[in-house]
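Colleague: What follows is a single structure, and I will ask about it in a moment.
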Amino acid sequence: MTVTKEPRLGEPPPEDTVPRAERPDGVDFDAIYHAHFRSLTVQLTAYCGDLSQAQDLVQEAFCRAFARWSRVSRYDDPVAWVRRVAWNLATTRWRRLRTARSWLSRQREETVPGPGPDRVALTAALALLPLQHRRAVVLYHLADMSVSEIARQEGVAEGTVKSWLHRGRAALATHLTTTKEVNDNE
């Protein structure tokens, strides 16, 4: 029976399981990976502040080195190339996060305080008015339309609009006075 043991971080894998990527003078990708992965991860953890992110960045840098190993292995210091790629990836990720945060901060909805008690009372009092009176009061006082403009829009005589405004204001005064008295007694 054959017993296999799980490889540990920092230990090279068994010789017969991993194909070798070597350069002519004997620098081996696996040896460089196992010798420098941990130290590069520590460096990037200090830079990024996040161990898992640093591991991802170093792993990505080694993946890029492996894909170009025939060229990278001929450099005087292939580890320096991997380190530079990992740091560049970290800087790029940081810039992207900064840009995203900046964009998100501009997209936030502004918190608007709720309506005050006066506005709530006015809205409630307007809701109690008949439709024509309410429309005339809102158009005249909130939309700044003249009596003639309201009459034209509603298709009625100006005297009718004046009557609606008078009755609407009188009813509002009654409702708002009643609401204020109730609130003062509480």
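The values are calculated or read from the model by the stated rules, or taken from the named source; none is laboratory data. This is a predicted model, so every value here is computed, not measured. Note that each Cβ is placed from the backbone with ideal geometry, even for glycine, and that neighbours are counted across all protein chains shown. What goes into the accessible areas is simple: the full protein's heavy atoms, side chains included, and nothing from ligands, DNA or RNA. Shrake-Rupley method; radii C 1.70, N 1.55, O 1.52, S 1.80 Å.
Colleague: For the subset of the range 66-86 comprising residues that are in contact (Cβ under 8 Å) with a residue 40 or more places away in the chain and not in a helix (DSSP H, G or I), which member is least open to solvent (accessible area, probe 1.4 Å)?
Modeller: Ser73
Colleague: Here is a further query. Suppose we filter Gln59, Gln43 for residues that are open to solvent by 60 Å² or more (accessible area, probe 1.4 Å) and modelled with pLDDT of 95 or more; which single one remains?
Modeller: Gln59
Colleague: Restricting attention to the range 90-103, and to residues there that are closer than 18 Å to Thr41 by Cα and of a type outside the set (Val, Ile, Thr), which single residue is least open to solvent (accessible area, probe 1.4 Å)?
Modeller: Per the criteria, the residue is Ala90.
Matching residues to (1) at pLDDT 90 or above; (2) surrounded by fewer than 18 Cβ atoms within 10 Å (Cβ to Cβ):
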| residue | (1), (2) |
| --- | --- |
| His133 | yes, no |
| Ala143 | no, yes |
| Glu149 | yes, yes |
| Ser163 | yes, yes |
| Val182 | no, yes |
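A quick yes/no check of all residues on (1) surrounded by 14 or more Cβ atoms within 10 Å (Cβ to Cβ); (2) among the β-branched types (Val, Ile, Thr); (3) assigned to a helix (DSSP H, G or I):
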position	(1), (2), (3)
Asp30	yes, no, yes
Gln55	yes, no, yes
Arg64	yes, no, yes
Asn88	no, no, yes
Ser105	no, no, yes
Val112	no, yes, no
Ala125	yes, no, yes
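Colleague: Taking the range 127-140, which residues are in contact with a helix residue (DSSP H, G or I) (Cβ under 9 Å, 6 or more places away or on another chain), part of a helix (DSSP H, G or I) and of a type outside the set (Phe, Trp, Tyr)?
Modeller: Result: Ala127, Leu128, Gln132, His133, Arg134, Arg135, Ala136, Val137, Val138, Leu139.
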